[in-house]
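Each remark here refers to the structure printed beneath this line.
The values are calculated or read from the model by the stated rules, or taken from the named source; none is laboratory data. As the structure is a computational prediction, the values presented were derived from the model and not from experiment. Here the Cβ positions follow ideal geometry from the backbone for every residue, glycine too, while neighbour counts run over all protein chains shown. The protein model used for the area step is the full one, side chains on, heavy atoms only, and it has no ligands, DNA or RNA in it. Shrake-Rupley method; radii C 1.70, N 1.55, O 1.52, S 1.80 Å.
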Amino acid sequence: MCEILQTFMMGLREFLKDYFLGFWDYETPKVMVVKNRTLGVIYRSVQFLVITYFIWYVFISQKAYQESETRPESSVYTRMKGIAVHGDDILDTVEYARPPEGGDVISTILRREVTYDQMHGTCAEHFKVAKANCTKDSDCIQGEVNFDGHGRRTGRCVQYYNHTFRTCEVQSWCPIEEFAVVREPALVEAINFTVFIRNSIHFPRFKVLRGNIKDASNKRNLHKYLSKCHYDEEKEPYCPNFRLGYIAHKARENFSELCKTGGVIGVFINWQCNLDLDPSHCKPAYSFRRLDVRKDQANSGYYYRFAKYYSREGVESRTLIKAYGIRLDIIVHGHAGKFSPIPTIISTVTAMTSVGICTIICDWIMLTFIDKNEVYSDRKFDEVHKEPTAPIPTELSFINSFGSNHSDLSDGVPL
């Protein structure tokens, strides 16, 4: 047992000694020219790919020579404009826009479901509410509140309005919405409503402030321009007026379907500014996309409820309105870049260093797949233990696929 332990300790000591001495060895690359056409084609191909990647993608596409800012300060102001005729009524922005003047979110009503003349009282619960159907009073628990229903149960089982079946009676705004609702036709004129979107963006690092409205010589000309223009990607890129029909079309949505169910559409304003050029070249780019999930019927569409209260014969009453519409979420992204020597130096050094990948790949291919007789590995790796007593001329090693035609530093000659 003692001999085994002693042998183990001696082996461990030799290992630690070799490791310690080997730690202080110096390694230097050795230049060796390999006359192999296949390996040469692989080397130049990989080298070409690496250089092309850095020139085209890193420097030209990503502009890695620029200092960038990706969190600008932004302000958004929106306003809906348009007039709609609904029967004998004339509807303006106060009637259908929420809020009339808003920030980065604004909506417009496309269709309404109205329940007129609701008053506080007792009435039959809707038959689709859980445990609302009954045959006798004992089926209804007095004071029970179902949060999917319309109010608090009185404990009575009553006839469901003018139907023959019965449901539990509740204290609520009566008549309930599901029974007395009146569904109005859609506002087809809304396709021509316009939303005014004013966006200002500031890049504090570069002290650049830009807006999405065209500069004008005076306020009169600007007001005249804004009252007539409509946004067009090519003809009017600085006009902030967008037709709802245009927004729905760009979002690939059917406006008639939106009138039925409503929807949420994102208006994305993207500022990509190359400040090596004049700031006037910094223009907004708009894109539009439906944000609510259409495949999930429970979560798709957009609607909300509000009420108009009034007094009728001294009794507080209300008209309940369920409004379906389009909600626009204005989302602003910004990126600005300008030449700076520090990122330029870092990207250049990274590119030059990455070229070394070509050598690593070709060495691995050469030593793994081509060097069947270990000719290359014998030439590539040398161990030099002491300096030569006399100077020996050195030259590059030339190796073809049949072996070495010239001597090199690994021919058993100590350095």
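Below 8 Å, C-alpha to C-alpha, sequence gap of six or more: please give me the relative contact order for region 126-175 in percent. Show your work: numbers first, answer last.
Numbers: 95 pairs, mean separation 17.5, N = 50.
Here the relative contact order equals 35 percent.
Given the Cα atoms of region 126-175, and with Rh set as the inverse mean 1/r over their pairs in the Kirkwood sense, what is Rg to Rh to two decimals?
Using Cα coordinates only, the ratio equals 0.91.
Which trypsin sites (Lys or Arg not before Pro) in region 79-172 pass both tests, a DSSP loop state and at most 14 other beta-carbon atoms within 10 Å? Can you show the working numbers first?
Values: sites: ARG79, LYS81, ARG111, ARG112, LYS128, LYS131, LYS136, ARG152, ARG153, ARG156, ARG166; in loops: LYS128, LYS131, LYS136.
Sites meeting the loop and neighbour criteria: LYS128, LYS136.
Rounded to whole Hz and in sequence order, give me ³J(HN,Hα) for region 329-345 from the Karplus expression 6.51 cos²θ - 1.76 cosθ + 1.60, θ = phi - 60°, writing x for Gly and Pro.
Result, rounded to whole Hz: 9, 8, 10, 10, 10, x, 8, 10, x, 8, 4, 8, x, 5, x, 5, 5.
Run the dipole for region 126-175 about the Cα centre, Lys and Arg Cβ at +1, Asp and Glu Cβ at -1, nothing else charged, and hand back the magnitude in debye, nearest 20. Intermediate values should be presented prior to the final figure.
Numbers: 7 positive and 5 negative charges, 11 e Å.
Value, rounded to 20: 60 debye.
Tell me whether region 261-329 comes out rounded, prolate or oblate; compute the Cα gyration tensor, take square roots of the eigenvalues as a ≥ b ≥ c, and use a/c under 1.5 as the rounded threshold. Walk me through the numbers before you get to the answer.
Values: a/c = 7.70, a/b = 2.31, b/c = 3.34.
The shape class here is oblate.
Below 8 Å, C-alpha to C-alpha, sequence gap of six or more: please give me the relative contact order for region 216-259 in percent. Can you show the working numbers first?
Details: 24 pairs, mean separation 9.4, N = 44.
Dividing the mean separation by the residue count of region 216-259 yields 21 percent.
Using the Cα gyration tensor of region 1-40, with a ≥ b ≥ c the square roots of its eigenvalues, what is the shape: rounded (a/c below 1.5), prolate (a/b larger than b/c) or oblate (neither)? Intermediate results must be reported in sequence, preceding the final value.
Working: a/c = 9.02, a/b = 2.91, b/c = 3.10.
Note, shape of region 1-40 comes out oblate.
Tell me, what HN-Hα J-couplings in whole Hz come from the Karplus equation 6.51 cos²θ - 1.76 cosθ + 1.60 at θ = phi - 60° for each residue of region 223-231, using x for Gly and Pro?
Each residue of region 223-231 in turn: 5, 5, 5, 5, 6, 10, 7, 9, 4 Hz.
Determine the alpha carbon to alpha carbon distance for each of LYS136/LYS322; LYS260/LYS308; LYS214/LYS250; LYS250/LYS322; LYS224/LYS250 and list only those over 25 Å.
Details: LYS136/LYS322 33 Å; LYS260/LYS308 23 Å; LYS214/LYS250 22 Å; LYS250/LYS322 27 Å; LYS224/LYS250 27 Å.
Cα-Cα > 25 Å for LYS136/LYS322; LYS250/LYS322; LYS224/LYS250; rest within.
Hey, what did the chain get for relative contact order, percent, Cα under 8 Å, at least 6 apart?
On the way: 710 pairs, mean separation 83.2, N = 415.
Here the relative contact order equals 20 percent.
Mind listing the phi-derived Karplus ³J(HN,Hα) values for region 311-323, rounded to whole Hz, using 6.51, -1.76 and 1.60 with θ = phi - 60°, and x for any glycine or proline?
Going residue by residue, I get 10, 10, 6, x, 10, 5, 9, 8, 10, 8, 10, 9, 10 Hz, with x marking Gly and Pro.
Can you list residues from other chains, or at least 5 along the same chain, whose modelled amide H is less than 5 Å from the amide H of CYS273?
Amide H to amide H, under 5 Å and 5 or more residues apart or across chains, CYS273 pairs with HIS335, ALA336, GLY337.
How about region 291-370: which trypsin sites (Lys or Arg not before Pro) there lie in a loop by DSSP and see at most 14 other Cβ atoms within 10 Å? Write out the running numbers ahead of the final one.
Working: sites: ARG294, LYS295, ARG305, LYS308, ARG312, ARG318, LYS322, ARG327, LYS338; in loops: ARG294, LYS295.
When the trypsin sites (Lys or Arg not before Pro) of region 291-370 are filtered for loop state and at most 14 Cβ neighbours within 10 Å, ARG294, LYS295 remain.
Identify the chymotrypsin sites (Phe, Trp or Tyr not before Pro) of region 280-344 meeting these criteria: DSSP loop state and at most 13 other C-beta atoms within 10 Å of the C-beta. Let's see the in-between values first.
On the way: sites: TYR286, PHE288, TYR302, TYR303, TYR304, PHE306, TYR309, TYR310, TYR324, PHE339; in loops: TYR302.
Sparse-neighbourhood loop chymotrypsin sites (Phe, Trp or Tyr not before Pro): none present.
Would you grab the residues whose amide H sits under 5 Å from the one on CYS123? Only those 5+ places off in sequence or on another chain, please, with H modelled 1.01 Å from N.
VAL170, SER172
With all distinct Cα pairs included, what does the Kirkwood hydrodynamic radius of the chain come out to in Å, to one decimal, could you say?
Numbers: mean 1/r = 0.0329 Å⁻¹.
Taking the inverse mean of 1/r over all distinct Cα pairs, the chain comes out at 30.4 Å.
In region 1-139, if every C-alpha pair distance is counted and binned at 10 Å from zero, what percent goes to each bin?
Per 10 Å bin, starting at zero, the Cα-Cα P(r) for region 1-139 comes out as 7, 11, 9, 11, 12, 10, 9, 9, 11, 10, 1, 0 percent.
In the chain, if the dipole is taken from +1 on Lys/Arg beta carbons and -1 on Asp/Glu beta carbons about the Cα centre, which of ILE109, SER74, LEU12 is farthest to the positive end?
Sorting the options by dipole projection puts first ILE109.
Mind putting a number on the dipole of the chain about its Cα centre? Charges go on the C-beta only, +1 for Lys and Arg and -1 for Asp and Glu, and I need it in Debye to the nearest 20. Show your work: numbers first, answer last.
On the way: 51 positive and 50 negative charges, 374 e Å.
Around 1800 debye, computed over the chain.
Just going by the charge dipole of region 39-190, with Lys and Arg at +1 and Asp and Glu at -1 on Cβ, which of LEU39, THR135, TYR65 is farthest out on the positive end?
Of the listed residues, the answer is LEU39.
Tell me the per residue accessible area of the chain using a 1.4 Å probe; a whole number in Å² is fine.
Values: 26970 Å² over 415 residues.
Here the residues of the chain average 65 Å² of exposed surface.
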